[in-house]
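The values are calculated or read from the model by the stated rules, or taken from the named source; none is laboratory data. All values derive from a computational prediction rather than experimental measurement. We place every Cβ from the backbone using ideal geometry, glycine too, and count neighbours over all the protein chains shown.
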Amino acid sequence: MANKTKETEHIDKVYGKVKKKYKQASIKQRIEALFLDNIGKIITREQILQVATDPVTGNQPENWHQRLSELRTDDGYTILSWRNRGWLRVEEYLMTSADKRPQAGKRVRPTKETWTKILDKAKYCCEWKEDGKTCCLKENEIDPIGGGKVKLTPDHKKPHSINPESDPTDPKQWQALCGRHQVMKKNYWDSSTGKMNVYAIIQSATTVEKEIVFKFLLDYFGYVIDEKGIISKFVSK
């Protein structure tokens, strides 16, 4: 059991186990099986790496984190991390249910010729922009945050759920993104409704940004917080 802090002393953290040797063909399938065997229990990075390791060759994958993200975005599972729950530590994950969210239909992809034009325009770098800065990670570089080698993939500038009929021959409708930012982009939009996924945006925000949103919501709903952190309903005199 992990040591408890003031923030987590009220949480009884239950950790899962690697219950068997997982022999599924793909990394994602093995990680999925691990979580399904431990619904409602915390899974650690070390356990995921143990299961993601090839059962035949013993090779440890560099891209396990991307496979975990795909379980969330492509398969529709809810897998919580420290970004969702403050009492989870970094590299602790929790699948609360085996239920999946509805997903959008089959995605259109650009033609090979269009993809070459997209890459040329992007100078073979990730085009994700945040806070006025472009990612600029190149194919096969090591992602310093997400881990593993970078693989650039085509992304609709407008989410698939809003514009599923993107022209596969028009490079202006597409951009090149690395795996981490491809996943982040998917998280920002609800794949079934096409609406902004505010929850996921706040989830990926920094702690400082979360505090700003938290204080805004307190004000919005008429609550105040005192020096001791006690929240109460504001009552006008």
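Observations
- Filter pass, VAL51 being hydrophobic (A, V, I, L, M, F, W, C), modelled with pLDDT of 90 or more and over 21 Å from the mean Cα position of the chain (by Cα): no
- Pairs are defined by a Cβ separation below 9 Å, a sequence spacing of at least 6 or placement on different chains, a first member in the range 16-41 that is more than 16 Å from TRP64 (Cβ to Cβ) and in contact (Cβ under 8 Å) with a residue 12 or more places away in the chain, and a second member that is part of a helix (DSSP H, G or I) and among the basic types (Lys, Arg); the pairs so defined are LYS23/ARG30.
- When the range 20-76 is filtered for residues that are part of a loop (DSSP other than H, G, I, E, B) and of a type in the set (Asp, Glu), the ones remaining, listed by number, are ASP37, ASP54, GLU62, ASP74, ASP75.
- Candidate set: the range 209-232, residues that are out of contact with any Leu (no Cβ under 9 Å at 6 or more places or on another chain) and among the aromatic types (Phe, Trp, Tyr); chosen: the one modelled with the lowest pLDDT: TYR220
- Subset of the range 137-150 that is of a type in the set (D, E, K, R) and within 19 Å of THR116 (Cβ to Cβ) - its residue that is modelled with the lowest pLDDT: GLU139
- Within the range 117-141, the set of residues being free of Cβ contacts under 8 Å to residues at least 12 places away in the same chain and not in a loop (DSSP other than H, G, I, E, B) comprises ASP120, LYS129, GLU130, LYS133, THR134.
- If you go through the range 67-94 and keep only what is within 18 Å of GLY179 (Cα to Cα) and surrounded by fewer than 16 Cβ atoms within 10 Å (Cβ to Cβ), you end up with ASP74, ASP75, GLY76.
- Among residues of the range 197-212 that are in contact (Cβ under 8 Å) with a residue 60 or more places away in the chain, those with a Cβ under 8 angstrom from a residue that is assigned to a loop (DSSP other than H, G, I, E, B), sequence gap 6+ or separate chain, pair up as GLN203/ARG83; GLN203/ASN84; SER204/ARG83.
- Being within 11 Å of the chain's Cα centre (by Cα), polar (S, T, N, Q) and more than 27 Å from ASP12 (Cβ to Cβ) is a condition met by at least one residue of the range 71-82.
- Residue in the range 99-106 that is under 26 Å from THR206 (Cα atoms) and either within 21 Å of the chain's Cα centre (by Cα) or of a type in the set (Asp, Glu) (or both) present: yes
- Matching residues, the range 159-181, being part of a loop (DSSP other than H, G, I, E, B) and either closer than 17 Å to ALA122 by Cα or at pLDDT 65 or above (or both): PRO159, SER166, ASP167, PRO168, THR169, ASP170, CYS178
- Checklist (1) out of contact with any helix residue (DSSP H, G or I) (no Cβ under 9 Å at 6 or more places or on another chain); (2) not in a strand (DSSP E or B) applied to ASP99, failing item: (2)
- Exactly one residue out of THR114, THR134, THR153 is among the hydroxyl-bearing types (Ser, Thr, Tyr), modelled with pLDDT of 75 or more and within 17 Å of the chain's Cα centre (by Cα): that is THR153.
- For VAL108, the test of being at pLDDT below 90 and either touching a strand residue (DSSP E or B) at 6+ places or on another chain (Cβ under 7 Å) or part of a loop (DSSP other than H, G, I, E, B) (or both) is passed.
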